[in-house]
1. Please report the net charge: other residues with Cβ closer than 12 Å to the Cβ of Thr308, K and R +1, D and E -1.
2. Cα atoms only: what Rg and Dmax, in Å, come out for the stretch 76-146?
3. Which whole-number percentage describes the relative contact order of the stretch 340-461, with Cα contacts under 8 Å and a sequence gap of 6 or more?
4. Hey, what do the phi angles of the stretch 111-123 turn into as Karplus ³J(HN,Hα) couplings, whole Hz, using 6.51/-1.76/1.60 and θ = phi - 60°, x for Gly and Pro?
5. Taking the Cα centre as origin and putting +1 on Lys and Arg beta-carbons and -1 on Asp and Glu beta-carbons, what dipole magnitude results for the stretch 137-233, to the nearest 20 debye?
6. Using the basic label-point model (7 angstrom from Cα toward the beta carbon), what is the Ala370 to Val132 distance in nanometres?
7. Rank the residues Leu449, Leu109 as a footprinting-exposure proxy: fewest other Cβ atoms within 10 Å of their Cβ go first.
8. Mind sorting Arg72, Arg103 by how few other Cβ atoms lie within 10 Å of their own Cβ, fewest first?
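Taken together, the values in this text are just the output of simple stated rules run on the coordinates, not laboratory data. Worth saying up front: this structure is predicted, and the values here are computed from it rather than measured. Here the Cβ is made from the backbone with ideal geometry for all residues, glycine too, and neighbour counts use every protein chain on show.
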Amino acid sequence: MSDKTFSPPLPTSPSPTATLAAQTDPAPAPKPGWREVWRVYAEAATLRMLLLGFSAGLPLLLVFGTLSFWLREAGIDRTTIGYLSWVGLAYGFKWAWAPLVDRLPIPLLTRWLGRRRSWLLLSQAVIMTALVCMALTDPKVALMPVVWCALAVAFGSATQDIALDAYRIESADTQRQAALAASYQTGYRMAMIWSGAGALWIAARAEVVGVTSYQHGAWQAAYLVMAASMLLGVVTVLCSPEPQHRELPPSKNAADWLKGALIEPFADFLRRYGKQALLILGLIAIYRISDVVMGIMANPFYVDMGYTKDEVATVTKIYGVIMTLVGAFLGGGLAMRFGVMKVLMLGAVLSAASNLLFAWLATAGHDVTALIFVISADNLSSGIASAAFIAYLSSLTNINYSATQYALFSSMMLLLPKTLAGYSGAYVDAFGYSNFFTATALLGVPVLLLIGLASRSKTAPSQ
């Protein structure tokens, strides 16, 4: 990497003062050239984040999209499937236990691996165990055991996100956060392809030929393979370095510890951003609302439109992967070259527009070519938006409270959308798919206004 464009690499855990100054200094940072922009993706920290992003993205669809396909095929009604998406509220409340992940050591593990890696390994173990338990239960026979297992997967996944976000923020200086975010998002989206299209493909291959009715054994095979796929994250954690240890101020007593762990991370954010904090939190709360609310009904939509598991898996696996890679790397590169806020606006526009394409698809009937076009556009827009949004959230954190503050931001990102998404099945039953997809696109309009306001404020990232 050219030292003329980027500053020399900082220690893996930059100082709080340097980080805070980088986040609040209004002076624009020099814009890197395209060669330097793309070269950063070959750095070890960036490649490591690709693999850890895969580990983070794998569980998500297994308790949302893929699970909804499984449940719909098992005969569970759409309204119930919509309500079951509230399992995802575990992601919306992860700020509640983020302070523990930020500060609490795990006996034996933390001494061996360090604070960040020990929590990553523990959360991955929870995810793998819960996925195996999901595979061994049949929602057609008893739905509640599947729900409890899905809740355990969501809890473990949310905990992994807390530790991994802190690990990412502490692993590189602020100038490289957009590249790390893009690499993380690429791994994340590739994992979603595997846990979505891959799981459908495995389930289709595991079906007994000639039997057209629901087969639990096929889904059992798919979820067992998904549990084994988490081993990639486990190996990566064991082979990765722990970020430079950061000494925490000693606590005089339990009350002092609780103040430092629970209150200070939020107080610090309010002190740094003042009145602008409400604008920032409002933008965070609704930025992904179009995608999240729509996403719960995507797989039930495919089932009801007559698409087979093979068709959805093939289209997603080929075109989805390509456009995911293009979107994530393009989003990260554009954010580094032109600034995060401009790409945030672009991502918001594209996300809403892709939902309108689903509304059109609902009128097209069983058309695989149309499905290819819509899924490709959806993955491209999501990749661009997510890479820029992760970089924006990272720019808001103070390195002293990276896990807790980022957990707060990413929790707010999901809390309102996931709550609304719970009613998506009832909305589809009442008004149909086309009206539902159009309504989710309209939810993105207020996002554009908030991005415009945030772009003019002093809180907007300078790079």
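1. Working: positive: Lys309; negative: Glu73, Glu207, Asp310, Glu311.
So the environment of Thr308 carries a net charge of -3.
2. For the stretch 76-146, the Cα-based Rg and Dmax read 16.2, 48 Å.
3. Numbers: 95 pairs, mean separation 56.9, N = 122.
Answer for the stretch 340-461 is 47 percent.
4. 5, 7, 10, x, 5, 5, 5, 5, 5, 4, 5, 4, 5
5. Numbers: 5 positive and 6 negative charges, 41 e Å.
Rounded to the nearest 20 debye, it is 200 debye.
6. Spacing of the two 7 Å Cα→Cβ label points: 4.5 nm.
7. Working: Leu449 11, Leu109 16.
Ordered by Cβ neighbours within 10 Å, fewest first: Leu449, Leu109.
8. Working: Arg72 21, Arg103 17.
Lowest to highest Cβ neighbour count: Arg103, Arg72.
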